[in-house]
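Here is the structure we will look at.
The values are calculated or read from the model by the stated rules, or taken from the named source; none is laboratory data. Remember, predicted model here, so these are calculated numbers, not experimental data. Backbone-built Cβ (ideal geometry, glycine too); neighbour counts: all protein chains shown. Just so you know, the surface numbers come from the protein's heavy atoms only, side chains and all, with ligands and any DNA or RNA stripped out. Shrake-Rupley method; radii C 1.70, N 1.55, O 1.52, S 1.80 Å.
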Amino acid sequence: MKATARIGVDVGGTFTDFVLHDPARDLVATGKRLTTPDDPSEAIVAGIARLLEETGLKPGDLHSIVHGTTLVTNTIIERTGCKVGLLTTDGFRDSIEIGREIRYDLYDLFLEAPPTLVPRHLRLEVPERLDVQGEVLLPLDEAALIAATRQLVEVEKVEALAIGFLHAWRDPRHERRAAEIIRGLYPDLAMTLSSAVAPEIREFERISTACANAYVQPRMRRYLDKLEASLAALGFTGALYVMLSGGGIASVQEAKDYPIRLIESGPAAGAMAASWLAQRAGLDQVISYDMGGTTAKVCLIDDFRPQASRTFEVARVGRFKKGSGLPLRIPVIEMVEIGAGGGSIAQVDSMGRIQVGPESAGADPGPACYGRGGTHPAVTDANLALGRYDPELFAGGALRLHPDQSRKALAEHVGGKLALSADMAALGVV
């Protein structure tokens, strides 16, 4: 029988979720597993294998797998990416730090600027210059390029390189020539051209996007290589696609080359699903709400379509303050995202108020009710204490919950500090 089944996989901070759809068999099935933070591919492969077993299908019955992930976002927010070097036009090494010279909060005397992904000593200049029309004012100094590259790779030991020359959006010839020379010296070096990842005017945003892409590229390559190998070992021979921030899908190779385009991969899938449901229901104005383990996302669906943008800021220093994060020039579905998901930890602040998030219990150890060593109450603990979950059927029965541990954590960390019962503490958290 022809392969007709597809599986959608969403890796979140707490859970990895699965949906299988096979139109030929009129079959829809779902699955859920705890995310494996050290290697997300482990939970993916194990979850797919279990879903196939439950539905009586084989890996050869799968036409394709579509994968959404928050790995890129988490890598930038947590600053766990690789060591990156930047080659840029002579005189412009500080442009990504100067930015637009605009304070995102005029009245904050202790304003904290968003840190760059590439420190100054790893940003080196190369003599070359194109004008705004793309005409060569100064040819690329290839000897200087080679010297700067050797300094970054052999002395500074960078794992990836970003190349961002002035006006390369108009004519990428110098960037492409530089890449050709460097590829001859270091064939396996991860490299990002600003003219390839964001071929648009505005040097700050374009070079910032190139640096962010290079920052996450080695990690995403390793992850996707391992995922492909693990799926092949399972017997999967179909196509693997990755969800893009703008709501479309891309091949694995494109995801390896431009991983920055996956920064809102998982949340974008939820917004696209909401727009599809809105069309089916005939509702042209809808607000979608997607609550995960770490964050909650809200998107406006207008005229059956999610709001979209060409600009995005990640890892903002000031919550909701435009200009306080790293600017990126990528197609993205516009959403408001806050650190309040099912795994977000509840506590009492110094003023005696119940506060939820942005810290999350994650998948390991998880909320107290998981019985995996977590001692702090999360939103999931509050919902369980209020009787909103069946402890025997949570996650399809794959994970048994412990209401007594939820109540204990709520009483200790919230109720005890405010003279509230565990039930009232749970209600306050919700």
Residue among 87, 145 that alone is in contact with a strand residue (DSSP E or B) (Cβ under 7 Å, 6 or more places away or on another chain), buried (at least 18 other Cβ atoms within 10 Å of the Cβ), at pLDDT 95 or above and part of a helix (DSSP H, G or I): 145
Within region 159-200, considering residues that are of a type in the set (Val, Ile, Thr) and farther than 16 Å from residue 211 by Cα, the one most open to solvent (accessible area, probe 1.4 Å): 181
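Would you check which residues across region 219-236 are open to solvent by 10 Å² or more (accessible area, probe 1.4 Å) and part of a helix (DSSP H, G or I) and list them?
From region 219-236, those open to solvent by 10 Å² or more (accessible area, probe 1.4 Å) are 219, 221-223, 225-226, 228-230, 232-236; that's our starting set.
Those that are open to solvent by 10 Å² or more (accessible area, probe 1.4 Å) and part of a helix (DSSP H, G or I): 219, 221, 222, 223, 225, 226, 228, 229, 230, 232, 233, 234.
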Test: residue in region 265-281 that is of a type outside the set (Phe, Trp, Tyr), in a loop (DSSP other than H, G, I, E, B) and either farther than 16 Å from residue 9 by Cβ or touching a His at 6+ places or on another chain (Cβ under 9 Å) (or both): no
Unmet requirement for residue 381, which otherwise passes all of (1) surrounded by 17 or more Cβ atoms within 10 Å (Cβ to Cβ); (2) acidic (Asp, Glu); (3) out of contact with any Pro (no Cβ under 9 Å at 6 or more places or on another chain): (3)
Matching residues in region 101-129 - criterion: being β-branched (Val, Ile, Thr) and assigned to a loop (DSSP other than H, G, I, E, B): 102, 116, 118
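Listed residues 22, 10; which is farther than 21 Å from residue 365 by Cα and among the acidic types (Asp, Glu)?
Values: 10 fails: farther than 21 Å from residue 365 by Cα.
Sole residue among the options that is farther than 21 Å from residue 365 by Cα and among the acidic types (Asp, Glu): 22.
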Which listed residue, of 308, 269, is out of contact with any Pro (no Cβ under 9 Å at 6 or more places or on another chain) and in contact (Cβ under 8 Å) with a residue 24 or more places away in the chain: 269
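Tell me yes or no: at least one residue of region 81-104 is touching a His at 6+ places or on another chain (Cβ under 7 Å) and closer than 23 Å to residue 244 by Cα.
Filtering region 81-104 for residues touching a His at 6+ places or on another chain (Cβ under 7 Å) gives none.
No, region 81-104 contains no residue that is touching a His at 6+ places or on another chain (Cβ under 7 Å) and closer than 23 Å to residue 244 by Cα.
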Residue list for region 333-349, filter: more than 25 Å from residue 311 (Cα to Cα) and either open to solvent by 20 Å² or more (accessible area, probe 1.4 Å) or modelled with pLDDT of 90 or more (or both): 345, 346, 347, 348, 349
Residue within region 211-218 that is of a type in the set (Phe, Trp, Tyr), in a helix (DSSP H, G or I) and either within 19 Å of residue 84 (Cα to Cα) or over 18 Å from the mean Cα position of the chain (by Cα) (or both) present: yes
Qualifying residue in region 149-158 (condition: open to solvent by 70 Å² or more (accessible area, probe 1.4 Å) and in contact (Cβ under 8 Å) with a residue 60 or more places away in the chain): yes
Residue count, region 350-401 (criterion: more than 23 Å from residue 30 (Cα to Cα) and assigned to a loop (DSSP other than H, G, I, E, B)): 15
Members of region 116-134 found to be out of contact with any Lys or Arg (no Cβ under 8 Å at 6 or more places or on another chain), at pLDDT below 95 and surrounded by fewer than 12 Cβ atoms within 10 Å (Cβ to Cβ), listed by number: none
